[in-house]
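Colleague: Got a structure for you, questions after.
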Amino acid sequence: MLQKILSLLIALTLLFSATALAATEKYTLEEDFQQFDVEVEIPEGAQYKQNPKDGWLSLEIWFEDPAKPSFDLNISFSEEVEGGFLADFSQEDKDHLVALISEDFSVPVHEFFETPSGNTVLLTRETDTEAGDYALMVTVYKGFFFSLYCSHQDYSPLAEEDLALMHQIIEGTWITDTEK
Amino acid sequence: MNKRLISLALATLLILASIPVAALGSLGETWHAYVYTSNGKGLNLRQTPSTDLKPIATIPYGAKVTLHDYINKTWVEVEYGQYRGYVMGRYLTYDKPGPKPTTKPAPNPTPKPSPDYQTSLKQIFSGFTFTHYEVQVRPSTSGGFVHMRWAPTKASDPIRDYHQNDVLTVIAQNKTWAQVVDPNTGITGFMMRAFLTEIGVGGANSGDGSGS
């Protein structure tokens, strides 16, 4: 009897593990960058599409549920930060980046944070309620800008769960160096 | 035979005479642009239109280059001094840039006063003149986003977002803002001119309000 219960418990554990693993889909971006490959963990229930672009990458992520926001992940090389990492930016360079990002915001607030994998990310949020609500996460990796933009279709206010999804996507973006 | 030759010569002369001088001039005309980077750094000149190989030279901020060919939406073939190679087009501007930009920390957000509605409408829509030219969107950071807004003010809701190299048509502008039309959807709105680069001759930030 005890053996049967144990077997059942093990079977149930394996089943739930398999289900959990299956919930997060991983998508490898189609690109021809020499420097790295990029894999993105797509949140459960989300749809996604890589849009063809000339020399840079664009990945759209959205949900059927209109209450959830949509996301745009762009990856693009920049001569201005060639080979650089946001984590290594001087304070002057960080201030400059903040100034650049702020140009298309009305009343932005900024926050630098570190992902579990050690990358520094700049989060910028719009606080002017008359200007709609949107948020942007930016990091620089090997001279490439990684930009994750989040908004509702009508730019209605973003909830904390929406920002949590932003964190989930940026922290679920895995970069594998391929340059020798 | 001679009559035929004379007729042919006359016809050729007539055809050449009808071609506008400007067009003839453009056959030998040289176009220039200037290097502009938001942080004042020099621009890499590359051997091929890609980042696969190391740069062959660095062109200083504000330097003038000779344009040879637009390879695609990203790369332009240029000549600088003894060097000929490729640069990313987003770092070129037709207007000579000012001094190297200096970094100023972004100010802390402060609550906005509530302006008189009629006064503020008059202010934000002032100075617009009609024009018509095509532009490419150029976000402040590579791969970034730019908002098209309902009104020419950052305090206005966005209509939708645009990516680098998206093409729009400018139909009116003042010093800071452009009224733009998306040729794919017909949607019209306002975008800051700082994020727009005119396609072809001239520059989106030419101060006289004309597109050429």
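The values are calculated or read from the model by the stated rules, or taken from the named source; none is laboratory data. Note that this is a predicted model, so its numbers are computed, not measured. Cβ atoms come from the backbone with ideal geometry, glycine included; neighbour counts cover every protein chain shown. The area values use the complete protein model at the heavy-atom level, side chains included, leaving out ligands, DNA and RNA. Shrake-Rupley method; radii C 1.70, N 1.55, O 1.52, S 1.80 Å.
Colleague: Looking at the range B:28-47 only, could you name the residues that are closer than 19 Å to B:Ser142 by Cβ and in a loop (DSSP other than H, G, I, E, B)?
Modeller: B:Tyr36, B:Thr37, B:Ser38, B:Asn39, B:Gly40, B:Lys41, B:Gly42
Colleague: Using beta carbons and a limit of 6 Å, which pairs, at least six apart or on different chains, have the first residue in the range B:52-73 and touching a residue at least 24 places away in the same chain (Cβ under 8 Å) and among the β-branched types (Val, Ile, Thr) and the second one assigned to a loop (DSSP other than H, G, I, E, B) and surrounded by 13 or more Cβ atoms within 10 Å (Cβ to Cβ)?
Modeller: B:Ile56/B:Gln47; B:Ile59/B:Gly42
Colleague: Also: Residue by residue through the range A:27-61, note down the ones that are touching a residue at least 40 places away in the same chain (Cβ under 8 Å), of a type in the set (Val, Ile, Thr) and closer than 26 Å to B:Asn72 by Cβ.
Modeller: Those that are touching a residue at least 40 places away in the same chain (Cβ under 8 Å), of a type in the set (Val, Ile, Thr) and closer than 26 Å to B:Asn72 by Cβ: A:Val38, A:Val40.
Colleague: Continuing with this model, one more query. Confirm whether B:Gly89 is small (Gly, Ala, Ser), farther than 30 Å from A:His110 by Cβ and more than 8 Å from every other protein chain (Cβ to nearest Cβ).
Modeller: Here the answer is no, as B:Gly89 does not meet what is asked.
Colleague: Let me ask you something else. Name the strands (runs of 3 or more DSSP E) wholly within the range A:35-111 that hold at least 1 residues that are open to solvent by 10 Å² or more (accessible area, probe 1.4 Å), under 15 Å from A:Lys142 (Cα atoms) and of a type in the set (D, E, K, R)?
Modeller: Result: A:36-42.
Colleague: Please verify whether the range B:38-57 includes one or more residues that are open to solvent by 50 Å² or more (accessible area, probe 1.4 Å), within 19 Å of A:Leu100 (Cβ to Cβ) and out of contact with any Pro (no Cβ under 7 Å at 6 or more places or on another chain).
Modeller: Looking for residues that are open to solvent by 50 Å² or more (accessible area, probe 1.4 Å), within 19 Å of A:Leu100 (Cβ to Cβ) and out of contact with any Pro (no Cβ under 7 Å at 6 or more places or on another chain), one finds at least one in the range B:38-57, hence yes.
Colleague: Hey, another quick one. If you take the residues of the range B:127-156 that are charged (D, E, K, R) and within 25 Å of A:Ala99 (Cβ to Cβ), which of them is farthest from the other protein chains (Cβ to nearest Cβ)?
Modeller: Filtering first and then ranking leaves B:Arg138.
Colleague: Could you tell me which residue of the range A:116-130 is farthest from B:Thr153 (Cα to Cα), considering only residues that are of a type in the set (Val, Ile, Thr) and open to solvent by 10 Å² or more (accessible area, probe 1.4 Å)?
Modeller: A:Thr120
Colleague: Restricting to the range A:123-180, and then to whatever is over 17 Å from the mean Cα position of the chain (by Cα) and in a helix (DSSP H, G or I), can you tell me which residue is farthest from A:Ile42 (Cα to Cα)?
Modeller: A:Glu130
Colleague: Here's something else I'd like to know. Do you know which residues across the range B:155-168 are surrounded by fewer than 23 Cβ atoms within 10 Å (Cβ to Cβ) and in a loop (DSSP other than H, G, I, E, B)?
Modeller: If the condition is that a residue be surrounded by fewer than 23 Cβ atoms within 10 Å (Cβ to Cβ) and in a loop (DSSP other than H, G, I, E, B), then B:Ala155, B:Ser156, B:Asp157, B:Asn165, B:Asp166 are the ones that fit.
Colleague: Return the residues of the range A:22-38 that are within 20 Å of B:Ser142 (Cα to Cα) and within 16 Å of the chain's Cα centre (by Cα); say none if nothing qualifies. If you could, list the steps in order and put the result at the bottom.
Modeller: Our first condition is that a residue be within 20 Å of B:Ser142 (Cα to Cα); within the range A:22-38, this holds for A:29-38.
Across the range A:22-38, the qualifying residues are A:Leu29, A:Asp37, A:Val38.
Colleague: Quick test of your reading of the structure: A:Phe105 fulfils all but one of (1) touching a residue at least 40 places away in the same chain (Cβ under 8 Å); (2) at the interface with chain B (Cβ under 10 Å from one of its Cβ atoms); (3) of a type outside the set (D, E, K, R). Name the failing condition by number.
Modeller: (1)
Colleague: Let me ask something else about it. How many of the residues making up the range A:131-169 are farther than 15 Å from A:Val109 by Cα, surrounded by 13 or more Cβ atoms within 10 Å (Cβ to Cβ) and without any contact (Cβ under 8 Å) to a residue 60 or more places away in the chain?
Modeller: 5
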